[in-house]
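Working notes for the structure below.
The values are calculated or read from the model by the stated rules, or taken from the named source; none is laboratory data. Keep in mind that this is a model prediction, so the values were computed, not measured. Cβ: placed from backbone, ideal geometry, glycine included. Neighbour counts: every protein chain shown. What goes into the accessible areas is simple: the full protein's heavy atoms, side chains included, and nothing from ligands, DNA or RNA. Shrake-Rupley method; radii C 1.70, N 1.55, O 1.52, S 1.80 Å.
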Amino acid sequence: MTQPEHSHADAPLPKPKVKKMRWPFPMVWVIPVLALVGAGYYFYDSHRKQGPAIDITFADANGVKPGETSLTVHGVEVGRVSAVALTDDQQRVVVHVQLLDSAASIAKEGAVFWIVRPDFSNGNISGLGTIVSGPHIEGVAGTGASAVKFTGSDQQPLTLGPGMKIILHSEHLDHLQPNSPVYYRGIQTGVVQDVRFSANATEVNVTLFIWGRYAPLVREDSEFWNVSGANVKGGLFSGVELKLESLRSLISGGVSFASPAGKSGQPSSPAAQDGARFYLHSEGNKDWEAWAPKIPIESESATIQDNTSGMKAGKEVSSEIKANK
């Protein structure tokens, strides 16, 4: 008897071969790809924030370095030096500055730029912070038409922006010179702009430039006195009193002033006008130093945009300066 033949249906089914899917790229490439993406986003973001490029011509650009030297306005960085080159006649230096997009409005006619370096010349002390950080370019925005080429100043201008000039008379001048500071209750409010003899050389005339926001502090009955150097008083039994307005005034001289108060703490006289004349005393007294009238002055919280558009701060605040006890 013959055995029945097995049908194909009884044959064992073939098992599928399952292969694990492999990552198309080796894992070693993940980090470089991520780094490339990050770098691309960084360059895109940097380019998006870039504003216009401007050229500033200086007589000397010693210490200015591409990629390192910054351009600041009112202490805020608004750009960075991208390149430095000689002019075609090789007599001056052109500094190329890449501005931030948010500061594009400072590139207007009338803008002023200068390089801040340590300065100990003519009794002046300034730019001490650049001893460690290196020089930087400081600027004040213009208010004219848009521009990309500017001529830099060899030194910081003595007067910038609005202000008031007044004249002080004195028989003898001790240790005052242009750029000496002007103080009101220890706060610098202006600079000495000019020092010269009167027409007949019988006295000395000192021209002060009071910055605009502090001009209301000068009243018709204000008193001015010299704070140059250190004032030492006292004796063996009474003790020694040393008065020093600042290190800067010790070296380059300085002027301080005060305004008396009337009823209810208000000023006792109207604000002085541009060109007003006063007498410069050789020293002050404690009564003047105690004067503290309530005088509204401009707010100091102006933005770069406000300054570049020629606008003042949006409102005024009353600043009551209390007397030092």
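Some points to look at:
- For the pair residue 268 and residue 15, the difference between a 0.36 nm per residue extended length and the Cα-Cα distance amounts to 80.3 nm.
- Efficiency of FRET between residue 37 and residue 220 - r from beta-carbon atoms, R0 45 angstrom, step 0.05: 0.10
- 11 Å beta-carbon shell around residue 173, net charge (K/R +1, D/E -1): -2
- Element breakdown for the range 137-209 at a 1.4 angstrom probe: carbon and sulfur atoms account for 51% of the accessible area.
- Qualifying GluC sites (Glu not before Pro) for the range 63-118 [loop in DSSP, other Cβ within 10 Å: at most 13]: 68, 109
- Accessible-area value, residue 277, 1.4 Å probe, nucleic acids and ligands omitted, Å²: 150 Å²
- Cβ-Cβ FRET estimate between residue 289 and residue 77, R0 fixed at 35 Å, reported to 0.05: 0.35
- Contour minus Cα-Cα distance for residue 50 and residue 282 (0.36 nm per residue): 78.2 nm
- Each of 154, 60 has its accessible area taken with a 1.4 Å probe; listed largest first, they run 154, 60.
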